[in-house]
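The values are calculated or read from the model by the stated rules, or taken from the named source; none is laboratory data. Small disclaimer: the values here were computed from a predicted structure and weren't measured. Glycine gets a Cβ as well: all are built from the backbone with ideal geometry, and neighbour counts include every protein chain shown. Ligands, DNA and RNA are stripped out before the accessible areas are found, and what is left, the full protein with its side chains, is counted by its heavy atoms. Shrake-Rupley method; radii C 1.70, N 1.55, O 1.52, S 1.80 Å.
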2 protein chains.
Amino acid sequence: MSFTAPVRDQRLTLDSVVKISELANGPDSEMVDAVLEGAAALAEGEFAPLSRSGDTQGARWDNGAVTTPRGFKQAWNAFVEGGWMTLAAPEHHGGQGLPFALSAALMDNLNAANVGFALCPMLSMGAIEALEQHGSEELKRDYLPKIVSGEWPATMNLTEPQAGSDVGALKTRAEPNPDGSWRITGTKIFITYGEHDLSEQILHLVLARTHGSPEGTRGISLFLVPKILPDGSRNDLRCVSIEHKMGIHASPTCVMSYGDHGGATGWLVGPENGGMAAMFTMMNNARLNVGLQGVGIAEAATQRAVAYALDRKQGVRNRLPVAIAEHPDVRRMLLRMRALTMGARALAYYAFGQVDRGVRGDPQAVLRADVLTPLVKAWCTDVGCEVASLGVQVHGGMGYIEETGAAQHLRDARIAPIYEGTNGIQAADLVGRKLGLDGGLAFDELIADIEAETQHPGLIALTDAVEIAAASLREAAPDDRLAGSYPFLTMCSVMTAGWLIERMALSEQADGRTKAAADYFLSVVVPEALGLGAAAEVGAALLYTVPAEELA
Amino acid sequence: MSFTAPVRDQRLTLDSVVKISELANGPDSEMVDAVLEGAAALAEGEFAPLSRSGDTQGARWDNGAVTTPRGFKQAWNAFVEGGWMTLAAPEHHGGQGLPFALSAALMDNLNAANVGFALCPMLSMGAIEALEQHGSEELKRDYLPKIVSGEWPATMNLTEPQAGSDVGALKTRAEPNPDGSWRITGTKIFITYGEHDLSEQILHLVLARTHGSPEGTRGISLFLVPKILPDGSRNDLRCVSIEHKMGIHASPTCVMSYGDHGGATGWLVGPENGGMAAMFTMMNNARLNVGLQGVGIAEAATQRAVAYALDRKQGVRNRLPVAIAEHPDVRRMLLRMRALTMGARALAYYAFGQVDRGVRGDPQAVLRADVLTPLVKAWCTDVGCEVASLGVQVHGGMGYIEETGAAQHLRDARIAPIYEGTNGIQAADLVGRKLGLDGGLAFDELIADIEAETQHPGLIALTDAVEIAAASLREAAPDDRLAGSYPFLTMCSVMTAGWLIERMALSEQADGRTKAAADYFLSVVVPEALGLGAAAEVGAALLYTVPAEELA
C-alpha cells in the first residue's frame, strides 16, 4: 500500500484549529500550501518506500559502528537538501522561521511514512531549541547552523540504567578542563540515533553532574559532546551496543559509553547545575513531537485498513458479495480510526499553534501550551496504539502476518507511550503542575474557552465532569491526585479534542468525512470518557489495601 | 522471571464461581487440588522454560517439514505421558471424564506459560468433541483413543484465502471413492500446527464441499484426513509454507495443500452437508479456549509486571527511594492488571462450568454457555491485549526491549481477538443469535440472576444499562444492532465478570488481594463500561454518512 499525506485534513486543521492565518508574521496561504505539498512529496516519495524494508533489515551494530537500513542515507540526503530541517528553525541561524505548526504537519507525515526514520530529525529539532535558548553565543555560532541545515544531527542523552523516569539519579560525571571545556565520563542508555551512518558528525546533548553539585535534578548540567572534535579527531565516546526492540527497528537505540579513555570532551550548555531547564526545553519539544508520532502512525494505520477493507470481499449484504468495509462493525472500526486520528491531529496541531503564539509574545498561549503538552504526549500516543491495534483487527488473520504491514504500525506505536516521559509521568505532570499553573487559571481558561464555544450536549456534559474532577483533584492529597491522574488526563484530552474536532466540522471547509468523524467522536468517544469520571476521583486508598507483592 | 501457576485463584474461582462441588459426578476436593497442582507443575516445569526460546527460534519450515523449537518435543512427551490430554475426554474413549472447568485451569496455565505451545493440545480438544459428537462408531474406534491419549494431535482446517469469516465461501472439494472414503483437493490457510515434528501422525479435520452441494454454509461437509494413512503410507497432503507472524512464533501457522497428486484420502465426519454443525462443536470449544488464552497471557503479564515493579527502584516516597510498585499510577496499573485478569478468569471458568452442567443434563446451562461463549472469546481476549500492553508500560523502556519478555506477551496476545471468529463476529453472534436465544429468555435469565445476587450500586446501574440497551437492540433493524454490537458485548462481559468477581470477594475463602481486585473492578471497570451505553445504541446511520473510501 502507498501512503498519501493527508494534505486536506492538515490544511483544514491549520485553518480552523490552529487559525494559522491569524499568526503574527505567519506564512501566507500559498506558503502553507507549498509546505504541505512539499512535505507530502518528501514523505510519500522518500520515506514511505523504506518503512517496511527498514523494519525488516533494522539498524545493525558492528564494533561500535551502526549501519542504517538500505536507502536511509539517500533519503536523509533528500531531507537535508530539501532544506526540511530548517523549516521552523530561527532565521538568524539559517532557518526559515516558519511556524512550529507547519513543522507539525511535516513530522506528522514523516511519522506516518516511516517513524523509525523520522526519529532522527525529531531529536535535532529539540536540540535546536535547547541550544538556541540556553547555549552560549560561541556554541550557537559553531554548531547551530549545521544542526539547522541537517548536516549534523543531534541526540538527547538523559537515561542511565538507574535513572529513567527519575532523571535526577543520573551519575555521568563532568570534570572541567583548563580551556573551559569538560571531560565527560559515564554510560547512557536508550539513546535514539546515538550512532549511525547518515552523517559524519553527530552532536550529543548529554546530562551530567559536575563536582560538588547538589543531589537530584538541581545538580544536573547539560553538555554538548560532538562525535568529531573541532580538530577533526574522534571524541572519546562510543556506541557499545544497540537494543533488540519490539518495533522502530530502523531506529538505532544505543548504549553510549563516554570517556573510556579519560573523558569525552564537551561544552556546557547553559549554566552549571542548570541542565534541567535546558532539558525541559528539549523535552517539551520532544513530547509534542512524540504526540505527533501517535497521530502519524494512526493516519498510516487508518489508510492501510481502509484500503484493505475496500479490497477484501467477505460475506454478503442484500444478497450481494461486498467488501468488508460495508459490514457495520468493520465500518465502525474504520470510522473510529478516522475520528480518533482527526481528533488527535487537532489536539496536537493546536498545541503547536499555541507554542507559535507564545513565541510571538502571547503569554496566555505559553501557559496553554504548557497545559496541553502532557495531553498531546499521552493521549495522542494512546490513540496511536489503539488505532494501530484496530488496524490489525480490520485485517483479520492477515493483520497478524508481518508482510501485511498492519502489525508493524502497532509494534512501532507501542514505544510512544513510554519514551520522553512515560504517559504516567505526563498524567502526574498534569495533576501535579499544570492543574495549578498560574494559580489554576491556565487550566480553568481552557475549560472556559470550551464552554464558551461548544454546542454539543455530550461535550458539555464531559466538560462539566472534568470541572468537577479538577475541583476534587485540586483538593485531594497528593497520592489521591496521582491515583486519578491517568483517567483524568484522558478525560481532559477527549474534551479538548472533541471541542476542536467540533470546530473543524463546523468550518466552511469541512467535507462529509470530517463531519462524519466529528459526529462519531462526539457521539461515541466523548461519552466513553464520561465513564472515566469514577476512576479519576476514586482516590489512592483503593490502590494500597494490599502490598504490591500480593498482586503477583 | 519464572511463572507461578495461580493455584489459589484457580481454586477460589472453581469453588465460588463454578461451584465445582455441586457438579453431578464431579471430582472431590482432593482431586481438584491434585489436578491444579499437577497442571501447575507441568506448566511451570515443562512449558514456561521454553516460552522465550520458542519465540526467538520460532517454528521452521523446510521442504514441507516443520521443525518446532528446541525442547518442544520433550515437553510434548511430558504432556502426553502425564495423561493431560485425557483430562476432560470421555471415559469410554480413554479419557478421565473430569469437568471441562478443570481443563480450563490446565489450559489457563499452559497459555500463561507458553501460548505458542499450548495451541497444539487446544486444537486436539476441539477435535475430540467434534469426533465424539458427530463421528461414526468406526471413526471413533479408529481415531479417538489416540487423539485422547495425545499420540495423534489434531488440527482444524476451515480457512481458505477467499473464505475467512465467510466460511461458506470455501472451495476445497471432496469426491467419493468406491470404498466409502473421499478424495480431498484444495488449499487451506492459517492452519495452526498443520505440520510439525511432535508426533508421527497428525489428524486434519477439513471442511470441504461435495459434488452438487448447496451454496454457502449449508453445503459444507467435515472430513477427517490423516497425515499417515492406515496402511502406513503418506497421505496426499503437504504443508507448503508457514507464516511470519507478529507473535506466537513457536506455533507453526501453515498453508496446507490437499490433493496435489490426485486427492488426499479422508472420511466423512457426520452427514454430508452437515459440516457446519460439527464445525460449531469444534468452534465453540475453541472459542472458550481462545478466551482462556487471554486469561493466561494476562496472568503471565501481570506476574512479570509485578515482579519488575517490585525490583525496579525509581524516585522517592516520603524521601526514601522506593520500588516503582509504590508509585500510585504504577500501582494503579498493577491492580488493574490483576483485577482484569481475575474478572476474565471468573467469566471464562464460569462458562466452562456451564458447559459441564449442560453435559450433565441441565438444559438451562447449555443456553447459558451459548450466551456466554461470545463474551468469553471476545472480552477475555481484549483483556489479554490490554493487560499485556499495561505490562509493557509498567516496564517503561525495558518493556520495549524484547529480552525482557513483556513485549512478547503483547505480540502473542494480539492474535486472540482475531482467530476462531474475530471479536466482531462474536459481537454479531451475541446480538444476532444469543440475544434472541430461547425467545430471549436465555439472556434475560442471566440478567435476572445478576440482579438477584449483586449488592453493588455500580453493578446494578450497569445491569440496568445493559437491560435498556438489550431492549433497544432487540427492536432495532439488523444494521443498527450490529453497529452497537461491540460496545454492547463489552458491557455484557463486564457486567457478568463484575457479578462473578463480587461473588469471589464475598466468599469465605477470599483473601485481601481478591477483595482489592474486586473493589477495583467494581469501582472503576464497571463505571467505564457504563460509558459505552451511548455507543451500543448509536445506530448504523452514523456509520454510513460517507462512503468508506472517504475514510482513507
Would you mind pulling out the separation of the Cα centroids of segment B:1-39 and segment B:104-180, in Å? 27
Compute the relative contact order of segment B:380-503 as a whole-number percentage, counting only Cα pairs closer than 8 Å that sit 6 or more residues apart in sequence. 22
Kindly write out, for segment B:172-177 in residue order, the coupling ³J(HN,Hα) from the Karplus curve 6.51 cos²θ - 1.76 cosθ + 1.60 (θ = phi - 60°), rounded to whole Hz, with x marking Gly and Pro. 3, 10, 10, 10, x, 9
Quick one: helix A:485-506 against the long Cα principal axis of chain A, what's the angle to the nearest 10°, folded into 0 to 90? 60
How much net charge surrounds B:Ser136 when only other residues with a Cβ under 13 Å from its Cβ are counted (Lys, Arg +1; Asp, Glu -1)? -3
Ordered by number, the residues of segment A:395-429 that have at least 50 Å² less accessible area in the complete protein assembly than on their own chain alone (1.4 Å probe) are A:Tyr400, A:Ile401, A:Glu402, A:Arg414, A:Ile418
So with the 1.4 Å probe, I'd like the accessible area per residue for the protein assembly as shown, rounded to whole Å². 33
Can you compute 3J(HN,Hα) from phi for each residue in segment B:266-273, using the Karplus curve 6.51 cos²θ - 1.76 cosθ + 1.60 with θ = phi - 60°, rounded to whole Hz and x for Gly and Pro? x, 10, 5, 10, x, x, 4, 6
Would you work out the charge dipole size for the protein assembly as shown about its Cα centre, treating the Cβ of every Lys and Arg as +1 and the Cβ of every Asp and Glu as -1, and quote it to the nearest 20 debye? 1320
Just for chain A, what percent of DSSP beta bridges are antiparallel, to the closest 5? 85
How big is the gap, in Å, between the Cα center of segment B:346-389 and the Cα center of segment B:416-479? 13
List the residues of segment B:233-250 whose accessible area drops by at least 10 Å² when all protein chains are present, compared with their chain alone, using a 1.4 Å probe and counting only protein heavy atoms. B:Glu243, B:His244, B:Lys245, B:Met246
Could you give the radius of gyration (one decimal) and Dmax (whole number) of the Cα atoms in segment A:253-378, in Å? 22.8, 77
For chain B, longest principal axis from Cα atoms; helix B:100-134 axis from its Cα atoms; angle between them, nearest 10 degrees, is 50
Could you please state, rounded to a whole Å, how far the C-alpha centre of segment A:236-291 is from the C-alpha centre of segment B:502-552? 41
Placing the label point 7 Å from Cα along the Cα-to-Cβ direction, what are the distances from B:Ala510 to the equivalent spots in the other copies, shortest first, in nm to one decimal? 4.7
Other copies of A:Asp231: label-to-label distances in nm, shortest first, labels 7 Å along the beta-carbon direction: 8.6
Sulfur and carbon atoms: percent of accessible area, segment B:1-145 [1.4 Å]: 47
Hey, can you list the residues from segment A:481-506 whose accessible area shrinks by 50 Å² or more with all protein chains present, relative to the chain by itself (probe 1.4 Å, no ligands or nucleic acids)? none
Contour excess over end-to-end distance, with Cα ends at B:Arg433 and B:Ala510 and 0.36 nm allotted per residue: 24.1 nm
Given charges of +1 on the Cβ of Lys and Arg and -1 on the Cβ of Asp and Glu, with all other atoms neutral, how large is the dipole of chain B about its Cα centre, in debye to the nearest 20? 1220
Can you check how the C-alpha radius of gyration of segment B:326-439 compares to 2.2 N^0.38 Å, as a plain ratio? 1.29
Please identify the longest segment of chain B free of exposed GluC sites (Glu not before Pro), where exposed means a DSSP state other than H, G, I, E or B and no more than 12 other Cβ atoms within 10 Å. B:216-507
Treating the point 7 Å from Cα along Cα-beta-carbon as the label, what are the nm separations from A:Glu475 to the other copies, to one decimal? 4.2
With the dipole of the protein assembly as shown worked out from charges on the C-beta (+1 for Lys and Arg, -1 for Asp and Glu) around the Cα centre, which of A:Ala346, B:Val366, B:Val115 lies farthest toward the positive end? B:Val115
Candidate cut points under trypsin sites (Lys or Arg not before Pro) in segment B:282-363, DSSP loop plus at most 16 other Cβ atoms within 10 Å of their own Cβ, are B:Arg319, B:Arg360
For A:Trp267, what charge total do you get from the other residues with a beta carbon under 13 Å from its beta carbon, if Lys and Arg give +1 and Asp and Glu give -1? -2
Roughly what angle does helix B:72-81 make with the longest principal axis of chain B, taking Cα atoms, 0 to 90 degrees, to the nearest 10? 90
Please state the relative contact order of chain A as a whole percent: Cα pairs under 8 Å, 6+ residues apart? 13
What's the minimum Cβ distance from chain B to the axis relating it to A, in whole Å, and which residue gives it? B:Gly531, 1
By the C-alpha gyration tensor axes a ≥ b ≥ c (rounded if a/c is under 1.5, else prolate when a/b exceeds b/c, else oblate), the shape of the protein assembly as shown is prolate
Helix-only mean residue ellipticity at 222 nm for chain A, each DSSP H run of n ≥ 4 adding -39500 (n - 2.57), per residue, nearest 500: -17000 deg cm²/dmol
At a probe of 1.4 Å, how much accessible area disappears from chains B and A on forming the pair, both sides counted, to the nearest 100 Å²? 7000
Among B:Trp76, B:Ala88, B:Ser53, whose Cα projects farthest towards the positive end of the dipole of segment B:12-91, with charges put on the beta-carbon of Lys, Arg (+1) and Asp, Glu (-1)? B:Ser53
Towards the positive end of the charge dipole of segment A:152-273, with charges on Cβ (+1 Lys, Arg; -1 Asp, Glu), say which of A:Ser199, A:Ile184, A:Met246 has the farthest Cα. A:Met246
Quick one: net charge of A:Gly219's neighbours, Cβ under 13 Å, K/R +1, D/E -1? +2
Given a 1.4 angstrom probe, I'd like the percentage of the accessible area of segment B:289-429 that is carbon and sulfur, rounded to a whole number. 58
Low-density loop cleavage sites - trypsin sites (Lys or Arg not before Pro) in segment B:1-103, where at most 14 other Cβ are within 10 Å (DSSP): B:Arg70
